[in-house]
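Asks: Below are the C-alpha cells for one structure; questions will follow.
The values are calculated or read from the model by the stated rules, or taken from the named source; none is laboratory data. Because the structure is a prediction, the values reported are computed rather than measured. For neighbour counting, all protein chains shown are included, and Cβ atoms are generated from backbone atoms with ideal geometry for every residue, glycine included.
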Amino acid sequence: MPPWDEFVKFLVSLLVISNPIGAIPVFLALTEDQTSTQQRRTARVAPLAVAVTLIAAIWGGYPLLRFFGIDLPAFRVGGGILILLMAVAMLHARRSGIHQTSEEAAEAEDRDAIAVVPLAIPMLAGPGAISTVILATESSSGPLYTLSLCAGPVLLSLALWLSFRFAVPVGQFLGKTGVNIATRLMGLILAAIAVEFISEGLIGLFPALAQKG
C-alpha cells in the first residue's frame, strides 16, 4: 500500500488533469443531440472507459517503458513537460490540444458513440493522465502496491460520472465564468505538480544537481 500522502497526491493529480468540472461543457456540447437516455449512457460509459484505460496503464505502462529501453527519469521529465503544457492551457481557461485536436473535435460531431472516443480517450484519459499513472508505479514494491493504485482511476471514474450525471444543473449553476475559475485553479495546482515531476526527473538524470541543492 502506498503512503497515504503519496496516494492523495496521485489522486489529486488525476483529478486535476482530467478536470471533471471543466469537462462538463465538453460533455454537454458532445451530447446535445442525444436523448436523455443516450446522455445517461454516455455519462456511464465514458468514466468506465477512463478507469479501464488508466488501470491498464498502471499494470502495463512501466513494463512497456522497459521494453523500449526508456529510463524512468527521462520519462518523468518528458511527462512533466507534457503536464506543464496542459497546465498552461488550463491557466488560460482552455483545453490543451494534447487532449484533442480541432480535427478530432470536428470528426466527433459526426459520431453517435462518442463516450469512448473522443470523450474518454484522449480527452479525459489522455497522455497526461497516462503519464501520471505510469510514474506512480515507480515506487511499486509488489503486486499489492500496484493493485492499491487502481483505486485512483476508480475514484476518478466516480467523480467523472457524478459530474456528467449532474452536468446540466452544475453547468447552469457555475456558468461559463465559474467553470473557467475552477479550471484556472486546477491549472495552477497542476503546474506545481508538473514542475515537481520535472525536477525529480532531472535529479535522476543528473545526480550532481541534488548535491548542489
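Asks: Just wondering, is there one or more residues in the range 74-92 that are within 30 Å of Ile181 (Cβ to Cβ), at pLDDT below 90 and over 17 Å from the mean Cα position of the chain (by Cα)?
Replies: Yes, the conditions are met somewhere in the range 74-92.
Asks: Only residues that are under 20 Å from Ala120 (Cβ atoms), of a type in the set (A, V, I, L, M) and surrounded by 16 or more Cβ atoms within 10 Å (Cβ to Cβ): list them for the range 53-80, please.
Replies: Leu54, Ile55, Ala57, Ile58
Asks: So the check is Cβ under 6 Å with 6+ separation or different chains; which pairs have a first residue in the range 181-199 that's closer than 16 Å to Ser131 by Cβ and a second one that's among the basic types (Lys, Arg) and surrounded by 14 or more Cβ atoms within 10 Å (Cβ to Cβ)?
Replies: Close Cβ pairs (under 6 Å, with a partner that is among the basic types (Lys, Arg) and surrounded by 14 or more Cβ atoms within 10 Å (Cβ to Cβ)) amount to Phe197/Arg76.
Asks: Among the residues of the range 176-213, how many are over 21 Å from Ser18 (Cβ atoms) and part of a helix (DSSP H, G or I)?
Replies: 13
Asks: Right, another one. Give the range 162-203 a look and list any residue that's surrounded by 19 or more Cβ atoms within 10 Å (Cβ to Cβ), of a type in the set (Phe, Trp, Tyr) and at pLDDT 90 or above, or say none.
Replies: Passing the criteria: only Phe164.
Asks: Here's a check for you: in the range 127-169, which residue that is within 29 Å of Leu28 (Cβ to Cβ) and without any contact (Cβ under 8 Å) to a residue 60 or more places away in the chain is farthest from the chain's Cα centre (by Cα)?
Replies: Pro169
Asks: Only one residue in Ser131, Ser157 is hydroxyl-bearing (Ser, Thr, Tyr), within 22 Å of Ile58 (Cβ to Cβ), in contact with a Gly (Cβ under 6 Å, 6 or more places away or on another chain) and at pLDDT 90 or above. Which one?
Replies: Result of the check over Ser131, Ser157: Ser131.
Asks: Let me ask another. Just to verify a result, which residue in the range 1-51, among those that are in a helix (DSSP H, G or I) and free of Cβ contacts under 8 Å to residues at least 24 places away in the same chain, is nearest to the chain's Cα centre (by Cα)?
Replies: It comes out as Val8.
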